[in-house]
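The values are calculated or read from the model by the stated rules, or taken from the named source; none is laboratory data. This structure is a prediction, so every number in the text was calculated from the model and none was measured. Reconstructed Cβ throughout: ideal geometry from the backbone, glycine too, with neighbour counts over all protein chains shown. Each accessible area value is taken on the protein alone, full model and side chains, heavy atoms only, with ligands, DNA and RNA left out. Shrake-Rupley method; radii C 1.70, N 1.55, O 1.52, S 1.80 Å.
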Amino acid sequence: MARKPKLQETEKGTVLFNVDPIIIKDHYEVDYIHSYAQDSPFFRGLAEGRLLGSRCPSCDYTYGTPRAHCMRCGDKTEWVDLPLEGRVHTYTTCYFGGEEFLEETPFHLILVEFDGVDTLFLSRLIGVEPGEIEIGMRVRAKFRRLSQFKVTDVYFVPA
Amino acid sequence: MRDVYIVAAGITKFARARPKADFRYMVKEAFDYAMRDVPKLKPEMIDGSVCSYFSDHFTRQLMAGIMAQDYLGLCSKPSKRVEGGGASGGLCLQTAYDAVASGRMEVCVAYGFETMSRVTTWKGNEFIALASDTNFDYPVGGFYTGYYAMMVRRHMYEFGTTVEQMALVSVKNHGNALHNPWAQYPMKLTVDDVRSAPMVADPLTRLDICVMSDGAAVCVLASEDAAREITDKPIKISGVGTGTDTMRLADRPHDEVILLPHENPEDYRGLKYPGVHSFRAGRVAAKMAYEMAGIRDPLRELDFIELYDAYTSSEIQTYEDLGLCRYGEGGKFIQEGYPRMDGDIPVNPSGGLLACGHPIGATGLMQAAFAFWQLQGTIGKHFSGDDTLQVPDARRGLVHSHAGTGTCITVTILERGF
Ligand SMILES: [Zn+2]
């Protein structure tokens with residue numbers, strides 16, 4: 001047994017913001033192992049320049065954002081190609097955002113509606129200035145050449 | 001099911017940051033305020049509790065509910081956390097209601113908190129946006145103000161709602177708060193002030209949106225027998241309703257309006273519902289609570305409302321969901337002055353979330369506390385002697401708590417007891 005046990009000192013220190021009360025910087029970071037699971041075909045589709053939705057074979061409801069099971073009747077849905085042209089259902093221009101997206105401001109968010117499709121799709125619209133977007137405006141899907149396997153591999157431009 | 005009453009309530013003054021008090025201390029502060037109001041309620045009479053806080057990210061302490069329970073000295077009594085985004089406080093109140101109504105408890109404490117100052121405002125916005133689908137929504141530019149902006153943009157398109165009408169909500173709520181000593185941001189504003197504030201997500205400006213807060217709130221619920229022992233001013237919970245909707249705005253259906261008793265299908269011919277312009281969960285919650293409380297015409301049968309106005313637009317949309325006016329008439333409703341203090345039905349007499357702040361897990365309980373004091377007629381007592389905001393002879397009120405993009409919504413009807 002050591003005669004004088006002692007912790008090793010380090011120069012790690014702590015970032016201190018205030019002393020009354022004591023406020024310190026408390027760092028936290030994590031990499032998740034995230035599976036797109038049943039949504040995976042959608043993200044593969046983006047890499048192939050396809051925008052996939054899903055359709056319920058039982059009640060014919062067609063989803064502009066895919067889901068593996070129908071929210072109306074509970075049946076398993078089938079993958080369908082969505083048209084690559086649609087219309088702006090609603091929109092906004094964000095001048096602020098969550099920290100992750102702050103550097104990208106201002107950016108335009110749109111919900112896209114497609115002919116013959118019952119639900120919508122959330123995406124970015126580029127190539128327009130604030131004030132140039134209108135509900136009903138025709139828009140066309142474009143895909144990143146180098147996929148990131150994120151929903152942002154697809155975005156829209158004026159048709 | 002038994003009748004359930006609120007017998008006491010307490011809140012902390014909401015602030016951008018309370019660095020000298022952690023969540024346990026704030027809950028204790030609100031709890032002690034409530035206990036001081038009803039000296040006949042002894043700690044040993046409390047059978048258990050329900051806790052609400054929204055975000056493990058803000059708290060970064062799992063099982064924080066039990067830590068609050070521990071700090072209040074309520075261990076080893078039963079307790080559990082309920083979570084439903086921005087509606088967590090409303091769900092907490094209703095879960096405590098369930099505990100007493102079922103006969104499992106005679107006295108149940110509902111407490112909630114949030115400590116949003118632990119990150120910067122923009123990191124906080126990122127956390128909140130994680131309450132949107134992280135596969136399909138969040139990565140596109142996760143930002144709740146953006147989502148609400150898209151919803152109200154469609155509301156404007158469908159119904160002709162204007163940004164000036166939205167600004168009137170901000171003017172009203174910040175103005176009411178001038179007489180609420182608990183409020184975080186009381187302000188005398190004009191429509192011009194609201195419109196000339198920095199644009200956050202078009203058409204919502206900085207003054208169309210509530211802020212981040214630290215705070216806690218508590219309501220104590222009791223059975224009739226217990227309530228009679230504790231207070232001579234109990235307030236009865238006469239209706240509870242809860243609704244939900246799809247997580248993704250994109251998935252909202254385009255069906256027919258869910259009608260309240262005073263509405264007709266002809267009112268809404270051709271209207272696709274809820275789309276992204278209305279909150280189906282709010283309508284479902286209201287319908288359920290009205291049926292339970294026997295309310296057929298809410299505008300006439302309610303004396304005031306405390307509702308979720310994290311955005312001026314959501315207040316206008318909620319007038320419609322609650323059936324105070326028809327769908328599409330929410331803008332006109334505020335323009336004509338109905339929800340003002342001197343109007344037919346004061347909405348957010350406290351100043352709402354816009355002016356009081358929105359420490360998420362505490363918010364629904366704060367709204368219930370304000371409604372409880374309104375119905376007791378004790379606003380002056382709890383507002384430093386200023387009873388400007390006391391709704392004269394208030395007998396029945398509604399509390400509305402709301403999450404996500406209208407993803408989970410609670411409506412609770414309160415009325416004078418005994
Ligand atoms: Zn189906």
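The interface between chain A and chain B buries about 3800 Å² of solvent-accessible area in total (1.4 Å probe, ligands and nucleic acids excluded). When peptides B:77-86, B:61-70, B:199-208, A:136-145 are sorted by average Cβ neighbour count within 10 Å, with the highest value leading, the order is B:199-208, B:77-86, B:61-70, A:136-145.
Working ranking of peptides B:253-260, B:144-151 by packing, defined as the average number of other Cβ atoms within 10 Å per residue, highest first, is B:144-151, B:253-260. Counting, for every residue in B:190-199, the Cβ atoms of other protein chains within 10 Å of its Cβ and taking the mean gives 1.
The alpha carbon centroids of segment B:94-163 and segment B:43-80 are separated by 21 Å. With θ taken as phi - 60° and the Karplus curve 6.51 cos²θ - 1.76 cosθ + 1.60 applied, the whole-hertz 3J(HN,Hα) list for segment B:335-350 is 4, 7, x, 3, x, 6, 4, 9, x, 5, 8, x, 10, 6, x, 5 Hz, x standing for glycine and proline. Pull out a ≥ b ≥ c, the square roots of the eigenvalues of the alpha-carbon gyration tensor of the protein assembly as shown, then state rounded if a/c is under 1.5, prolate if not and a/b is larger than b/c, and oblate in the remaining case. Here the protein assembly as shown falls in the oblate category.
Within the shell of other residues whose beta carbon sits under 9 angstrom from the beta carbon of B:GLY215, the net charge comes to 0, with Lys and Arg scored +1 and Asp and Glu -1.
Take the protein assembly as shown with all the other protein chains still there, run a 1.4 Å probe, and you get 41 Å² of accessible area per residue. A simple count of charges around B:LEU168, restricted to other residues whose Cβ falls under 13 Å of its Cβ and scoring Lys, Arg +1 and Asp, Glu -1, yields -3. The mean count of C-beta atoms from other chains within 10 Å of the C-beta of residues in B:246-254, rounded to a whole number, is 6. Kirkwood hydrodynamic radius of segment A:38-158, from the reciprocal of the average inverse Cα-Cα distance over all distinct pairs: 15.1 Å. Taking square-rooted eigenvalues a ≥ b ≥ c of the alpha carbon gyration tensor, is segment B:289-407 rounded, prolate or oblate, where a/c under 1.5 means rounded and, failing that, a/b exceeding b/c means prolate? Verdict is rounded for segment B:289-407.
Per residue of A:118-124, other chain Cβ atoms within 10 Å of the residue Cβ number 6 on average.
The H on the amide N of B:GLY239, modeled in the peptide plane, is under 5 Å from the matching H of B:ILE413, each at least 5 residues off or on a different chain.
Looking at segment B:249-286, the trypsin sites (Lys or Arg not before Pro) that sit in a DSSP loop and have at most 13 other Cβ atoms within 10 Å of their own Cβ are B:ARG269. What residues in segment B:141-166 lose 10 Å² or more of accessible surface when the other protein chains are added to their chain alone (1.4 Å probe)? When all protein chains are present, B:GLY141, B:GLY142, B:PHE143, B:GLY146, B:TYR147, B:MET150, B:ARG153, B:ARG154, B:TYR157 each give up 10 Å² or more of accessible surface. With the helix formula -39500 (n - 2.57) applied to DSSP H stretches of n ≥ 4, the protein assembly as shown reaches a computed 222 nm mean residue ellipticity of -8000 deg cm²/dmol.
Just check segment B:67-211 against the gyration tensor rule for me: Cα atoms, a ≥ b ≥ c as the square roots of the eigenvalues, rounded for a/c under 1.5, and otherwise prolate or oblate depending on whether a/b exceeds b/c. The shape class here is prolate. Taking the average, over residues, of other Cβ atoms within 10 Å as the packing measure, peptides B:358-371, B:33-46, A:19-32, B:13-26 rank B:358-371, B:13-26, B:33-46, A:19-32 from highest down. Of the solvent-accessible surface of the protein assembly as shown, computed with a 1.4 Å probe and all protein chains present, 49% belongs to carbon and sulfur. Count Lys and Arg as plus one, Asp and Glu as minus one, and take only other residues whose Cβ is under 12 Å from that of A:ARG138; the net charge is then -2.
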